[in-house]
Amino acid sequence: MTIQGLEQLQALREHHLPNMHPALKRALLLKFDGEENRAIAEREHVSEATIKQRLSTASAEIAMCLVRGDRVTGEMRGGWTNAHLECCLGDALAQIEREAG
């Protein structure tokens with residue numbers, strides 16, 4: 001991993017988004033869990049295009065911590081999600097777990 005990659009990883013870990021919209025949090029978590037966009041859309045009762053938009057918006061919020069012009073890849077989005085399961089995503093994760101029974 002390059003120095004830039006390590007700096008990005010550190011920035012992602014330090015970038016907290018506790019006020020991210022709950023629908024964006026849910027989309028991130030369900031994608032992180034390996035669900036396809038279509039399955040997420042069905043579960044959330046929205047269109048697949050809406051899920052793509054939610055993931056795009058969440059990625060843009062995550063990217064705010066990166067050097068201007070850097071894009072958040074799926075792997076980076078997953079890394080951010082993993083790093084913030086308890087602090088920023090805990091409320092949405094608990095809701096998903098309750099719904100799963």
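Values in this text are rule-based calculations from the coordinates and carry no lab data. Not measured: the values here are computed from a predicted model. Don't worry about glycine lacking a Cβ; one is built from the backbone with ideal geometry, like all the others, and counts go over all protein chains shown.
Quick check on the chain: helices-only [θ] at 222 nm, where DSSP H runs of length 4 and up contribute -39,500 (n - 2.57) each and the sum goes over total residues. Nearest 500, please. Show your work: numbers first, answer last.
On the way: 6 runs with 68 residues, N = 101.
Mean residue ellipticity at 222 nm (helix-derived): -20500 deg cm²/dmol.
Is any residue of region 64-101 close enough, with backbone N under 15 Å, to a label point placed 7 angstrom from the Cα of GLN10 along the Cα-Cβ axis, and if so, which?
The answer is 66-67, whose backbone nitrogens lie closer than 15 Å to the label point.
Cα gyration tensor of region 28-98, axes a ≥ b ≥ c as square roots of the eigenvalues: rounded (a/c below 1.5), prolate (a/b > b/c) or oblate? Show your work: numbers first, answer last.
Numbers: a/c = 2.19, a/b = 1.28, b/c = 1.70.
In terms of gyration-tensor shape, oblate.
What longest range of the chain stays clear of loop-exposed GluC sites (Glu not before Pro) (DSSP non-H/G/I/E/B, at most 12 other C-beta within 10 angstrom)?
Working: sites that count: GLU36, GLU86.
Here the longest segment lacking exposed loop sites spans 37-85.
Quick one: what are the phi-derived ³J(HN,Hα) couplings along region 92-101, Karplus 6.51/-1.76/1.60 with θ = phi - 60°, whole Hz, x for glycine and proline?
Those phi angles translate into 5, 5, 4, 5, 4, 5, 4, 5, 6, x Hz.
Take the alpha carbon gyration tensor of region 1-40, find the square roots of its eigenvalues, order them as a ≥ b ≥ c, and report rounded if a/c is under 1.5; if not, report prolate when a/b exceeds b/c, else oblate. Mind showing how you got there, number by number?
Working: a/c = 4.67, a/b = 1.68, b/c = 2.79.
Oblate, since a/c reaches 1.5 and b/c is not below a/b.
At 7 Å along the Cα-to-beta-carbon direction for both ASN19 and ARG68, put a label point, then send me their distance in nm to one decimal.
In this crude label model, ASN19 to ARG68 measures out at 2.3 nm.
Mind pulling the angle between the C-alpha long axis of helix 74-83 and the longest principal axis of the chain? Nearest 10 degrees, somewhere in 0 to 90.
Helix 74-83 sits at roughly 80 degrees to that axis.
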